[in-house]
Structure formats: C-alpha cells, structure tokens
Amino acid sequence: MPRKRLIWQIYPPFLVIILIALVTLTWFFSRTLDDFYREEKRSGLVAQGQLVVNQARDALMSGNISALESMSVALGKQSGTRLTIILPDGRVVGDSEEAPAKMDNHARRPEIREALRGHPGAATRYSKTLQQEMMYVALPVEMQGRQVGIVRTAVPLADINRTFQ
C-alpha cells in the first residue's frame, strides 16, 4: 500500500483553517467598516441639524410657517440632506423634499419620540416618501426650557449599502 506524503496529510486541514479565518476576518472587517461609515453619517447629520436649530427656533417662535417651509427647502438643497421641521404635536411644517401638507403626522416616528423627550434621536428605516432606506436624526428645538419644535435631517443610505454589497 502506497504511503501518503506528509504534505498531503496536513495540506487539506490547513487549507480549510485558512479559508475559514479569511472568511471570518473579511466578514468582521466589512461589519466594522459599515458601522464606522454609518456612525460618521449620523455625526454629520447631528452637526447639520445643530446648524439649523437656531434658525428654526426664531421662525417657530414667531409662528412664521411659510418661512420654515422655504428655509427647509433652501437649506436642504445647500446641505445635500433632507431637512424636515416638525411641531411638538408631530405636524410637519417644513420639508426639503415633499409638501408638508401631504405628509403624515410624525409624532410616532422613533427619532421624533426621542427628540420629544429632549434628546437627539436617530433611526434607520425605509422611507415611503422617497422609496429608499434613509438615516434620520432628530434634534429638539427649545426656547426658555419649552420645546417649540424638532429639526430632522436625513440622508439616503444607498451609497453605503452599494459599497458593502
């Protein structure tokens, strides 16, 4: 009976071990990179929203709804993000992508509920309006300890999803 060489006895198990390690490392690296990019997007949305909060506060306090609508459209185009201004009762009064009158009440959206508690809220979900997965960040707008509205920023996640597919 011919004897197998030692290399052919140890080669297949080592090959399997190396392949499993490569697949595991690739999966771990892609998950870590995906998480990093999503966190960077979220941080960018928070920063953009904070820039809008002061402008929205003035218009919300004066009750100038038409200014809120035009401001959201202009700032949304300049920043390349979707910008929505929402009253504490959930009514949309300004949006850069859609007419506010056509939009549903946003009071039950997870990021809005968190902002109504006085904290920045974030969520990732499918947008029925834009027909794509979006990342949302909502920031409370307060005046003298009273909440007067919410500024929500959003971006599509298509670029990140495409990269990792």
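The values are calculated or read from the model by the stated rules, or taken from the named source; none is laboratory data. The structure displayed is predicted, hence computed values, not measured ones. As a convention, Cβ positions derive from the backbone with ideal geometry for all residues, glycine included, and neighbour counts pool all protein chains shown. Quick note on the areas: whole protein, heavy atoms, side chains included, nothing else; ligands and nucleic acids left out. Shrake-Rupley method; radii C 1.70, N 1.55, O 1.52, S 1.80 Å.
Per-structure values
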{"read-out": "Farthest toward positive dipole pole in the chain [+1 Lys/Arg, -1 Asp/Glu at C-beta], among 25, 88, 43", "value": "25"}
{"read-out": "Cα convex hull of the chain - mean projected area over all directions, nm²", "value": "13.6"}
{"read-out": "Burial order of peptide ranges 84-91, 100-107 (average beta-carbon count within 10 Å, highest first)", "value": "84-91, 100-107"}
{"read-out": "Aspartates and glutamates with Cα under 16 Å of residue 41, excluding same-chain neighbours fewer than 8 positions away", "value": "111, 133, 159"}
{"read-out": "Between helix 65-79 and the chain: long-axis angle, C-alpha atoms, 0 to 90°, nearest 10", "value": "30"}
{"read-out": "Förster-model FRET efficiency, 45 Å R0, residue 78 and residue 31, C-beta, rounded to 0.05", "value": "0.85"}
{"read-out": "Distance from the range 130-148 to the range 58-92 (C-alpha centre basis), Å", "value": "10"}
{"read-out": "Per residue accessible area in Å² of the chain, where ligands, DNA and RNA are left out and the probe is 1.4 Å", "value": "64"}
{"read-out": "Potential lengthening between residue 40 and residue 64 on full extension [0.36 nm per residue; Cα-Cα distance subtracted]", "value": "5.3 nm"}
{"read-out": "Neighbour net charge for residue 104 - beta-carbon separation under 11 angstrom, K R +1, D E -1", "value": "+4"}
{"read-out": "Given charges at beta-carbon only (K, R positive; D, E negative), |dipole| of the chain in Debye", "value": "820"}
{"read-out": "Carbon + sulfur, % of accessible area of the range 67-149 - ligands and nucleic acids excluded, 1.4 Å", "value": "46"}
{"read-out": "Under the Karplus curve 6.51 cos²θ - 1.76 cosθ + 1.60, θ = phi - 60°, whole-Hz ³J(HN,Hα) for the range 49-54, x wherever Gly or Pro sits", "value": "x, 5, 5, 8, 3, 5"}
{"read-out": "71, 134, reordered so the largest accessible area comes first (probe 1.4 Å)", "value": "71, 134"}
{"read-out": "Alpha-carbon Rg with Dmax, taken over the range 1-94, Å", "value": "27.9, 95"}
{"read-out": "Highest average packing first - 17-27, 146-156, Cβ atoms within 10 Å", "value": "146-156, 17-27"}
{"read-out": "Computed over the range 61-165: relative contact order in percent, which uses C-alpha pairs under 8 Å that are six or more apart", "value": "22"}
